1. Starting from residues that are more than 23 Å from B:Gln41 (Cβ to Cβ), under 16 Å from the mean Cα position of the chain (by Cα) and not in a strand (DSSP E or B), keep the ones in the range A:11-54 and report whichever is nearest to the other protein chains (Cβ to nearest Cβ).
2. Hey, which of the strands (runs of 3 or more DSSP E) in the range A:60-116, taking only ones fully inside, have at least 3 residues that are surrounded by fewer than 21 Cβ atoms within 10 Å (Cβ to Cβ) and of a type outside the set (Asp, Glu)?
3. Restricting attention to the range B:62-83, does a residue exist that is small (Gly, Ala, Ser) and within 29 Å of A:Ser53 (Cβ to Cβ)?
4. In the range B:32-71, how many are aromatic (Phe, Trp, Tyr) and either over 30 Å from A:Tyr90 (Cβ atoms) or in contact with a helix residue (DSSP H, G or I) (Cβ under 6 Å, 6 or more places away or on another chain) (or both)?
5. Return yes or no: is B:Arg79 over 19 Å from A:Ala108 (Cβ atoms), of a type in the set (Lys, Arg) and crowded, with 16+ Cβ neighbours inside 10 Å?
6. Would you say B:Lys52 is surrounded by fewer than 19 Cβ atoms within 10 Å (Cβ to Cβ) and over 20 Å from B:Phe105 (Cβ atoms)?
7. Counting only residues that are more than 20 Å from A:Gln39 (Cβ to Cβ) and at pLDDT below 95, how many does the range A:73-101 have?
8. Under 6 Å between Cβ atoms, which residue pairs at least 6 apart in sequence (or on different chains) link something in the range A:93-115 that is facing chain B (nearest Cβ under 8 Å) with a partner that is of a type in the set (D, E, K, R)?
Amino acid sequence: AQKVTQAQTEISVVEKEDVTLDCVYETRDTTYYLFWYKQPPSGELVFLIRRNSFDEQNEISGRYSWNFQKSTSSFNFTITASQVVDSAVYFCALSEAEDSNYQLIWGAGTKLIIKP
Amino acid sequence: DAMVIQNPRYQVTQFGKPVTLSCSQTLNHNVMYWYQQKSSQAPKLLFHYYDKDFNNEADTPDNFQSRRPNTSFCFLDIRSPGLGDAAMYLCATNQGAGRDNEQFFGPGTRLTVL
């Protein structure tokens, strides 16, 4: 069955520290998509990245980077030089290409607190 | 800018008084979703439409219904809100062409039940 695990319920770091949010997924499909969403206190879910299962290249976008490893079924997210504005709940999600409803399987989320 | 719009952003209703939340999109996407999200939890899918085809999740209470009169609009009706229905309600869309599977979210409506 499909499943997304975010084992870290809450992480608290001091500003400027690097922090990694873990995401482990389970799927039987060979074609699937992985996502990260950010949810700040305002509540809106903000799309950060999508990765398809055939693209294992790591991605860097400014202070954000993502490490996708199929061998360990992980899609981890690193924030470098964290800032207070990075404080939010971060969700990892999975979508399978065989799912004609395009549904997202969500992880439980990791609450990230960046202290000044 | 193409986007997903939800109105109102905050809704207060009384126990048992019907309430309707609305969602509109300018993305011309085929699929529209309604999620319920309670504090510190992941979004929970209530139902979705693929065009006019309605798909209800098995554990969505009968108290929740939806309408999609056209491509752009989708409504969530809560017939008799209970205290347990207080939550953030999120609308999302998906192109539905199978090419990217990304969902685009609206800002949400926070529902308070008194």
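The values are calculated or read from the model by the stated rules, or taken from the named source; none is laboratory data. Because the structure is predicted, anything quoted here is derived from the model rather than measured. A quick note on method: Cβ atoms are made from the backbone with ideal geometry, for glycine too, and the neighbour counts reach across all protein chains shown.
1. Restricting to residues being more than 23 Å from B:Gln41 (Cβ to Cβ), under 16 Å from the mean Cα position of the chain (by Cα) and not in a strand (DSSP E or B), the top hit is A:Ser53.
2. Details: elements: A:64-69, A:74-79, A:88-96, A:110-115.
Filter on the range A:60-116 gives A:64-69, A:74-79, A:110-115.
3. As a first pass, look at the range B:62-83 and keep what is small (Gly, Ala, Ser): B:66, B:72, B:80, B:82.
Subsequent filtering for residues that are within 29 Å of A:Ser53 (Cβ to Cβ) retains none.
No.
4. Taking the range B:32-71 as the starting set, the residues that turn out to be aromatic (Phe, Trp, Tyr) are B:33-35, B:47, B:49-50, B:54, B:64.
Remaining after also requiring either over 30 Å from A:Tyr90 (Cβ atoms) or in contact with a helix residue (DSSP H, G or I) (Cβ under 6 Å, 6 or more places away or on another chain) (or both): B:54.
The qualifying residues number 1.
5. On the way: over 19 Å from A:Ala108 (Cβ atoms): yes; of a type in the set (Lys, Arg): yes; crowded, with 16+ Cβ neighbours inside 10 Å: no.
No.
6. Numbers: surrounded by fewer than 19 Cβ atoms within 10 Å (Cβ to Cβ): yes; over 20 Å from B:Phe105 (Cβ atoms): yes.
Yes: the conditions hold for B:Lys52.
7. Residues of the range A:73-101 that are more than 20 Å from A:Gln39 (Cβ to Cβ), as a first pass: A:73-74, A:80-81, A:96-101.
Keeping just the survivors that are at pLDDT below 95 gives A:96-101.
Summing the residues that are more than 20 Å from A:Gln39 (Cβ to Cβ) and at pLDDT below 95 in the range A:73-101 gives 6.
8. Filtered contacts from the range A:93-115: A:Lys111/A:Glu10.
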